[in-house]
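These notes concern the structure reproduced below.
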């Protein structure tokens with residue numbers, strides 16, 4: 001059930017808004033406040049999924065309510081209600097952090113569409129925050145090799161900025177770890193981190209996934225839907241395997257980067273977005289450009305900072321640290337006692353050709369922990385991790 005607060009000093013408009021929302025969806029629990037002070041107090045003492053807030057009110061205006069609420073409940077989306085003379089102010093509230101605004105008297109379809117979109121984004125933000133609690137442990141960058149330390153140095157320099165980053169490297173090297181670290185060390189760390197695997201989404205759906213769609217845009221579009229760029233507003237979007245993106249989607253991404261605007265599939269309405277873009281690929285984009293499979297102008301927009309993640313074979317001195325890390329992590333996940341690896345076992349594992357990189361090493365360590373003895377020996381490696 002979605003909990004919505006309506007803050008409006010004009011009782012007639014307040015009653016209309018409450019009636020429309022209550023009748024539109026029985027899962028909407030709608031509460032009301034008659035001025036800004038009471039509205040802010042309600043926000044402090046309750047967990048709302050959405051606030052509709054008038055701009056001109058006695059005691060405390062809507063801009064003041066929004067600014068104060070952003071400090072105590074930054075995840076709660078605000079839709080501002082503006083009179084004709086408040087339009088410029090309403091637009092300015094979006095810079096402060098409002099989700100959108102509606103004009104008086106409210107247009108029914110616009111109101112309901114905006115409410116649904118705001119609630120969708122709130123749900124995505126909440127899910128993202130739950131995931132972020134696990135991020136620090138799940139996305140650690142393990143290693144002290146010069147190659148990894150060089151990447152960590154670049155991250156420290158680039159993370160505080162909004163510079164776009166292109167991460168390259170073979171499958172399994174940990175490109176997503178770089179993206180997560182950049183986000184977590186950035187001023188956007190409290191905002192969403194939205195990950196999109198461009199290779200896993202069919203080409204005919206990638207534009208809808210990234211930019212959203214309006215009802216009726218295609219056969220299965222039964223309602224308006226926000227895309228990943230909108231979900232990532234104020235935060236970071238990670239476009240993994242961007243080399244697999246269709247040329248038509250590339251054109252739309254290029255426009256989003258150039259103008260900070262997107263439009264949903266089936267709509268010509270522009271939506272402003274404030275998103276940092278990090279992209280990754282295992283492909284040679286120079287070759288893709290020569291073969292006309294990737295736009296050169298998009299490449300130059302994305303590759304402000306280039307980070308190449310080395311293969312595991314190029315940083316073998318990190319293998320003992322990675323083995324210890326995975327052994328402890330896997331033991332915790334499996335609910336078993338952690339196992340040590342003998343010097344002979346580690347030496348043998350360091351000598352292997354890790355074509356699958358870190359992902360392959362993790363799988364091998366898990367196999368050895370499950371099948372090996374109390375201490376994983378060189379013999380266990382030969383039996384269960386033979387290459």
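The values are calculated or read from the model by the stated rules, or taken from the named source; none is laboratory data. Keep in mind that what you see is a predicted model, and the values were worked out from it rather than measured. Note that each Cβ is placed from the backbone with ideal geometry, even for glycine, and that neighbours are counted across all protein chains shown.
Suppose we filter 238, 211 for residues that are in the same structural domain as residue 286 (by TED's automatic domain parsing) and modelled with pLDDT of 95 or more; which single one remains?
238
Collect the residues in region 217-235 that are farther than 26 Å from residue 161 by Cβ and either outside any loop (DSSP other than H, G, I, E, B) or outside the structural domain of residue 270 (by TED's automatic domain parsing) (or both), keeping them in residue-number order.
225
Would you be able to say whether some residue in region 302-311 is assigned to a helix (DSSP H, G or I), in the same structural domain as residue 155 (by TED's automatic domain parsing) and in contact (Cβ under 8 Å) with a residue 60 or more places away in the chain?
Start the filter on region 302-311 by keeping residues that are assigned to a helix (DSSP H, G or I), which leaves 302.
Going one step further and asking which of them are in the same structural domain as residue 155 (by TED's automatic domain parsing), we end up with 302.
Remaining after also requiring in contact (Cβ under 8 Å) with a residue 60 or more places away in the chain: 302.
The answer is yes; a qualifying residue exists.
For region 369-382, which residues satisfy the criterion of being in contact (Cβ under 8 Å) with a residue 12 or more places away in the chain and assigned to a helix (DSSP H, G or I)?
Residues satisfying the conditions are 369, 370, 371, 378, 380, 381, 382.
Before we move on, is residue 131 surrounded by fewer than 16 Cβ atoms within 10 Å (Cβ to Cβ), at pLDDT below 90, under 22 Å from the mean Cα position of the chain (by Cα) and farther than 23 Å from residue 224 by Cα?
The answer is yes for residue 131.
Looking for something touching a strand residue (DSSP E or B) at 6+ places or on another chain (Cβ under 9 Å), surrounded by fewer than 19 Cβ atoms within 10 Å (Cβ to Cβ) and in a loop (DSSP other than H, G, I, E, B) - is there at least one such residue anywhere in region 236-255?
No, region 236-255 contains no residue that is touching a strand residue (DSSP E or B) at 6+ places or on another chain (Cβ under 9 Å), surrounded by fewer than 19 Cβ atoms within 10 Å (Cβ to Cβ) and in a loop (DSSP other than H, G, I, E, B).
Quick one: which of 72, 79 is buried (at least 16 other Cβ atoms within 10 Å of the Cβ) and under 26 Å from residue 191 (Cα atoms)?
Answer to the selection: 79.
Do we find that residue 159 is surrounded by 14 or more Cβ atoms within 10 Å (Cβ to Cβ), at pLDDT below 90 and not assigned by TED's automatic domain parsing to the domain that holds residue 20 in this structure?
Spelling it out, it is not the case that residue 159 is surrounded by 14 or more Cβ atoms within 10 Å (Cβ to Cβ), at pLDDT below 90 and not assigned by TED's automatic domain parsing to the domain that holds residue 20.
Residues 280, 327, 345: which one is in contact (Cβ under 8 Å) with a residue 40 or more places away in the chain, surrounded by 14 or more Cβ atoms within 10 Å (Cβ to Cβ), in contact with a helix residue (DSSP H, G or I) (Cβ under 9 Å, 6 or more places away or on another chain) and in the same structural domain as residue 370 (by TED's automatic domain parsing)?
Step by step, each of 280, 327, 345 is checked, and only 327 is in contact (Cβ under 8 Å) with a residue 40 or more places away in the chain, surrounded by 14 or more Cβ atoms within 10 Å (Cβ to Cβ), in contact with a helix residue (DSSP H, G or I) (Cβ under 9 Å, 6 or more places away or on another chain) and in the same structural domain as residue 370 (by TED's automatic domain parsing).
Looking only at residues in region 256-296 that are in a helix (DSSP H, G or I) and within 18 Å of the chain's Cα centre (by Cα), which one is nearest to residue 163 (Cα to Cα)?
Filtering region 256-296 for residues that are in a helix (DSSP H, G or I) and within 18 Å of the chain's Cα centre (by Cα), the one nearest to residue 163 (Cα to Cα) comes out as 257.
Out of all the residues in region 93-111, which are assigned to a helix (DSSP H, G or I) and free of Cβ contacts under 8 Å to residues at least 24 places away in the same chain?
95, 109, 110
Scan region 343-357 and give yes if some residue there is at pLDDT 95 or above and closer than 17 Å to residue 140 by Cα, otherwise no.
Scanning region 343-357, I find at least one residue that is at pLDDT 95 or above and closer than 17 Å to residue 140 by Cα, so the answer is yes.
Looking at this structure, is residue 118 surrounded by fewer than 21 Cβ atoms within 10 Å (Cβ to Cβ), at pLDDT 85 or above and either within 17 Å of residue 48 (Cβ to Cβ) or in contact with a helix residue (DSSP H, G or I) (Cβ under 9 Å, 6 or more places away or on another chain) (or both)?
no
Is it the case, given these coordinates, that residue 366 is touching a helix residue (DSSP H, G or I) at 6+ places or on another chain (Cβ under 6 Å), part of a helix (DSSP H, G or I), surrounded by 13 or more Cβ atoms within 10 Å (Cβ to Cβ) and outside the structural domain of residue 169 (by TED's automatic domain parsing)?
Against the criterion (touching a helix residue (DSSP H, G or I) at 6+ places or on another chain (Cβ under 6 Å), part of a helix (DSSP H, G or I), surrounded by 13 or more Cβ atoms within 10 Å (Cβ to Cβ) and outside the structural domain of residue 169 (by TED's automatic domain parsing)), residue 366 qualifies.
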